[in-house]
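Below is one structure, written out as structure tokens; comments come after it.
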Amino acid sequence: MEKEYVIGVTGASGIVYARRLLEVLAGKARVHLIVSGTAREIAVHEGVSLDGFPVIEEDNRNLAAEIASGSFKYDGMAIVPCSMKTLASVSAGFSDTLIARAADVCLKERRRCILVLREMPLSRIHLRNMLAADEAGATVMVASPPFYGRPQTIDDLVDMVVARVLDHLGVEHDIGKRWSGYDDDATVH
């Protein structure tokens, strides 16, 4: 049976993470894509297109979509990037959009729900919301790429974050570099 995922894209900088996730995931699984209005504006500003992928596009205003029901089975959800507003909605169970409702369904049905935050610094409100989301069962990730792979490009940095999202969704992939210890030529001071 083909795996099925919901990908939400909200109004935070870092739409490139969503694009890369779609590049890898859309060919391996059935994907429902929900893009908020603000995310669409930011995508234009950042010069990133989310068009052209074999996905099922969902309207963020459609709370009657099949993915808004716990009876609709899918394997998990990632919100990439996840704005602080969306984090607040998810952590409080306030389902005023399809993205927030689908995340609420993931949590109540005990499915994988990954929130990839792209904000700094973090206020106490953000930290409390992150803790509440974690306590509800979400996996909270901050888009903070590692440097042990000695990235050469922005794409390398993006891949490291997206690789972690794919790992947590349970999707096999070959992007990013996994830690394998220090290289022989690396000197640690």
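Note on segment 132-168: residues that are assigned to a loop (DSSP other than H, G, I, E, B), open to solvent by 50 Å² or more (accessible area, probe 1.4 Å) and under 26 Å from A100 (Cα atoms) amount to 1.
Just one of the listed residues (L166, L117) is closer than 23 Å to I56 by Cα and in contact (Cβ under 8 Å) with a residue 12 or more places away in the chain, and it is L166.
The values are calculated or read from the model by the stated rules, or taken from the named source; none is laboratory data. Bear in mind the structure is a predicted one, so any value in this text is a computation, not a measurement. Because the Cβ atoms are built from the backbone with ideal geometry, glycine has one as well, and the counts that use them run over all protein chains shown. Remember, those area values only see protein heavy atoms, side chains included, never the ligands or the DNA or RNA. Shrake-Rupley method; radii C 1.70, N 1.55, O 1.52, S 1.80 Å.
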